[in-house]
Amino acid sequence: MNVLKTGLLLAALTAVLVLVGDALGGSQGATTALVLSLAMNVATYWFSDRIVLAMYRAKPLAESDAPQVYRAVREIATRERMPMPKLYGIPTATPNAFATGRSPHHASVAVTAGLLELMNEEELKGVIAHELSHVKNRDTLTMTVAAALVGAITWVVRWAYWVGPSRDRDERQGGGVQAVLMLLAIVLAPLAAALIQLAISRTREYSADATGARLTGNPYGLADALEKLNRAVRANPLPNANPATAHLFIVNPLRPGEMLANLFSTHPPIEERVRRLRAMRL
């Protein structure tokens with residue numbers, strides 16, 4: 001199912017690029033856009049995880065710097081016979097974490113410096129188990145490609161606006177072309193959010209919570225971690241968080257109440273996630 005969703009997302013990217021190319025250059029522009037879209041599809045599938053990690057300046061995490069993370073990952077991965085993912089650290093005091101990668105054999109887990117400072121061992125293990133659940137359930141392919149897709153659409157719209165028909169021609173046409181491109185940008189922003197919403201159901205967080213609790217045998221560790229994360233992120237949202245990647249994180253990194261935070265809300269309420277975890281009987 002996740003492979004099918006990924007295919008649909010990449011097809012959507014192709015359609016957007018071809019439409020923009022046709023609007024700018026007719027059939028020749030559409031052909032150029034089609035070639036570009038194929039190249040971007042390949043890059044998105046193979047390198048989307050690296051793109052997301054680079055966005056947050058994530059660096060490889062040495063075992064000597066975070067032995068508790070390696071201990072938790074190695075314990076769960078060994079017991080579940082999963083490949084050991086690559087581990088990354090994000091230099092920010094805001095606690096959060098995400099998993100990325102196109103398959104369990106090409107997976108990465110990133111944790112912030114703030115997460116390591118805030119969590120005790122059981123809570124940290126719960127967070128790690130949640131992220132490994134996304135890897136185990138193969139959620140990361142769709143999640144990562146969706147993030148790269150929205151970034152690509154945003155880039156294409158900006159590119160189309162700035163390299164569209166010349167200013168003199170546009171002025172002769174009464175600004176009509178630029179106005180259309182601006183309208184296109186306005187329309188595509190909520191469309192990008194809708195694509196994420198359609199591709200990534202909120203239920204996948206409930207599923208990852210439940211699987212993570214079973215992996216550790218302790219739903220209370222993850223429940224406590226989510227409550228701590230909720231309070232910390234509300235007080236200190238992730239700096240420069242990109243709405244296109246918000247769905248990757250264990251809790252929404254955007255400031256609550258903001259329009260973009262609501263528009264791109266792909267996380268169920270923390271209170272409900274905690275309630276379900278505390279009601280679990282393992």
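Every number in this text was worked out from the coordinates using simple rules, so none of it is lab data. Quick caveat, the model's predicted, so the values are computed rather than measured. Every residue, glycine as well, gets a Cβ built from its backbone with ideal geometry; the counts of neighbours run over all protein chains shown.
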Taking Cα pairs under 8 Å and at least six residues apart, what relative contact order does the range 33-126 come out at, in percent? 26 percent
At 0.36 nm per residue, minus the direct Cα-Cα distance, what do residue 32 and residue 231 gain on full extension? Give it in nm, one decimal, please. 66.8 nm
As computed over the range 92-142, the Cα convex hull volume per residue (Å³): 66 Å³
Determine the dipole magnitude for the range 66-139: charges of +1 sit on the beta-carbon of Lys and Arg, -1 on that of Asp and Glu, nothing else is charged, the reference point is the Cα centre, and the result goes in debye to the nearest 20. 420 debye
Lys and Arg at +1, Asp and Glu at -1: neighbours of residue 90 with Cβ under 9 Å from its Cβ sum to +2
I want to check the label-to-label distance for residue 50 and residue 120. Put each point 7 Å from Cα in the C-beta direction and report it in nm to one decimal. 4.1 nm
Any chance you could run the full-extension gain for residue 80 through residue 57? It's 0.36 nm times the residue separation minus the Cα-Cα distance, nm to one decimal. 5.3 nm
Cross-link partners among aspartates and glutamates for residue 86, C-alpha distance below 17 Å, same-chain residues fewer than 8 apart left out? 49, 63, 65, 75, 131, 139
